[in-house]
Amino acid sequence: MQLTLDEEPVVRRAVAAYEAKKWYKGPFRGLTADEILEELKPSPVRWAELAAFVIETAEGTGKYPVTKLHK
């Protein structure tokens, strides 16, 4: 998946939030990955693509094995 320069830092934050919520015990009070992705105001289709990418990156499911966030 190709991320724009505007999307990349937001997606990084969304992945970190997804991982934090996944491992946090108790009520989570931080921003969720969904809330972070909404900052981009993407179309519904693009939002679904970004959300799937965030989950795949955080979970490591291998659905997109050749796509990685640029480091």
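The values are calculated or read from the model by the stated rules, or taken from the named source; none is laboratory data. Quick caveat: nothing in here was measured; it's all calculated off a predicted structure. We place every Cβ from the backbone using ideal geometry, glycine too, and count neighbours over all the protein chains shown.
Figure legend. Inter-residue proximity from region 9-20: first residues hydroxyl-bearing (Ser, Thr, Tyr), second residues surrounded by 19 or more Cβ atoms within 10 Å (Cβ to Cβ), beta-carbon distance below 8 Å, spacing 6+ or different chains. Indicated pairs: 18/33; 18/54. Any residue in region 42-71 that is within 15 Å of residue 7 (Cα to Cα) sitting within a Cβ distance under 6 Å of a residue that is at pLDDT 85 or above and of a type in the set (Val, Ile, Thr)? List the pairs, counting only those 6 or more apart or interchain. Correct list of pairs: 54/15; 57/15.
The listed residues are 20, 51, 58, and the only one of them that is among the hydrophobic types (A, V, I, L, M, F, W, C), modelled with pLDDT of 90 or more and surrounded by 14 or more Cβ atoms within 10 Å (Cβ to Cβ) turns out to be 51. Among the residues of region 1-17, those that are assigned to a helix (DSSP H, G or I) and either loosely packed, with under 15 Cβ neighbours inside 10 Å or small (Gly, Ala, Ser) (or both) comprise 8, 9, 14, 16, 17.
Within region 18-51, being aromatic (Phe, Trp, Tyr) and in a helix (DSSP H, G or I) holds for 18, 23, 47.
The set of residues in region 23-44 being of a type in the set (Val, Ile, Thr) and either farther than 16 Å from residue 58 by Cα or at pLDDT 90 or above (or both) consists of 36 alone.
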